[in-house]
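Colleague: Here you go, one structure.
The values are calculated or read from the model by the stated rules, or taken from the named source; none is laboratory data. Small disclaimer: the values here were computed from a predicted structure and weren't measured. Here the Cβ is made from the backbone with ideal geometry for all residues, glycine too, and neighbour counts use every protein chain on show.
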Amino acid sequence: MGTEDLLEEAKFELLAGRYENAEKFLMKVLEQEPKNIDALFSLGVLYEITHRDSKALECFNKVLEISPDHKEAREHAENLSEL
Amino acid sequence: MQFLVIGIGRFGKAVAETLAEAGHDVVAVDENEEAVMEVEAVVSQALVMDATNERALRTLGIKDFDAVIVATSQDIESSLLITMLVKELGAKKIIAKTSAPLQAKVLKRLGADLVIYPERDMGQRVAQILTSPRIFEFIELSPEYSLVEIVAPEAFVGKTIKETDARAKYGVNIIGIRRRVPEMSEEGKVTYREETIITPSAEEEIASGDLLIVIAKDEDIEALKKL
């Protein structure tokens, strides 16, 4: 399966609340494309939804390393930095 | 409602601004002009005043306020004197800030109805959150009971509240659920919205990632953390 299809599956699973499956698909995308911003951002959101905040922050920071102007990643990262 | 906040340090400023933003009439008083200027745009009235001066305090009409908040605990003597003065001037309710249990005892003797320990409470909260990654909020309700926000244990996920038997089996009362519901933005990015369910029904199913708002004894909370 190509990364686009994997991403689509991941988002479908995520929206359905099947977070374990969504995470697996996103990890597969990142194995093939470690700098895939969409996958990294989606994984960050998944971690945030499931309250794995430090992992979420890692993902958003990786997005910002690749794309410093990514507005949504910055907003999520700033929110996570507040206790 | 009408409130008088005496002392516009970090705590007093936060109280004054929050009350004012909620639509209440707030009179803020401090002997430091800079502190007063920081809040004057937000509160109903901000005054530079030495609140240990009884004559000056009299001009405020202490009896007219629903509550007086004494937030000057940096200077213990002033804090005690101001509490005593506002009590004598007929304050309906006095809330005083402190950082020391001994000072709290004296404040209560002098008329404070409620004594707040913001540093101690925040310290406890931070310690709980740092040492328990699944705890997102911690409020001590009494020496025995606390209100806690905790990530739903795996054992509860997919079950209704009734099926978890949380109260009977684990001694915890689930009074709310905070949930992050995934959705797609218009640009096709995954995001989420926050939902809070207060007093959920027994048939409410607990989802992965839910934050359960529970009231329980501290030892039961410890047991829940290990589930």
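Colleague: Do you know which of the residues in region A:1-35 that are of a type in the set (K, R) and within 13 Å of the chain's Cα centre (by Cα) is farthest from B:R179 (Cα to Cα)?
Modeller: Top of the filtered list is A:K35.
Colleague: Also: Which of the residues that make up region A:34-59 are of a type in the set (V, I, T) and modelled with pLDDT under 95?
Modeller: Those that are of a type in the set (V, I, T) and modelled with pLDDT under 95: A:I49, A:T50.
Colleague: So, one more: With respect to A:N79, determine if the residue is assigned to a helix (DSSP H, G or I), surrounded by 13 or more Cβ atoms within 10 Å (Cβ to Cβ) and either more than 12 Å from chain B (Cβ to nearest Cβ) or modelled with pLDDT of 95 or more (or both). Let's see the steps before the verdict.
Modeller: Values: assigned to a helix (DSSP H, G or I): yes; surrounded by 13 or more Cβ atoms within 10 Å (Cβ to Cβ): yes; either more than 12 Å from chain B (Cβ to nearest Cβ) or modelled with pLDDT of 95 or more (or both): no.
In short, no.
Colleague: Do the conditions hold for B:L60, that is, is it touching a residue at least 40 places away in the same chain (Cβ under 8 Å), over 30 Å from B:I139 (Cβ atoms) and hydrophobic (A, V, I, L, M, F, W, C)? Full working, then the answer.
Modeller: Working: touching a residue at least 40 places away in the same chain (Cβ under 8 Å): yes; over 30 Å from B:I139 (Cβ atoms): yes; hydrophobic (A, V, I, L, M, F, W, C): yes.
Yes: the conditions hold for B:L60.
Colleague: Touching a residue at least 60 places away in the same chain (Cβ under 8 Å) and exposed (fewer than 15 other Cβ atoms within 10 Å of the Cβ): is that true of B:E119 in this structure?
Modeller: Working: touching a residue at least 60 places away in the same chain (Cβ under 8 Å): no; exposed (fewer than 15 other Cβ atoms within 10 Å of the Cβ): yes.
It is false that B:E119 is touching a residue at least 60 places away in the same chain (Cβ under 8 Å) and exposed (fewer than 15 other Cβ atoms within 10 Å of the Cβ).
Colleague: State yes or no: is A:K35 in contact with a helix residue (DSSP H, G or I) (Cβ under 9 Å, 6 or more places away or on another chain), touching a residue at least 12 places away in the same chain (Cβ under 8 Å) and part of a loop (DSSP other than H, G, I, E, B)?
Modeller: The answer is yes for A:K35.
Colleague: Being within 14 Å of chain A (Cβ to nearest Cβ), part of a strand (DSSP E or B) and either in contact with a Gly (Cβ under 6 Å, 6 or more places away or on another chain) or of a type outside the set (K, R) (or both) is the filter here, so list the residues in region B:142-179 that pass it.
Modeller: Residues satisfying the conditions are B:V148, B:E149, B:I150, B:V151, B:I177.
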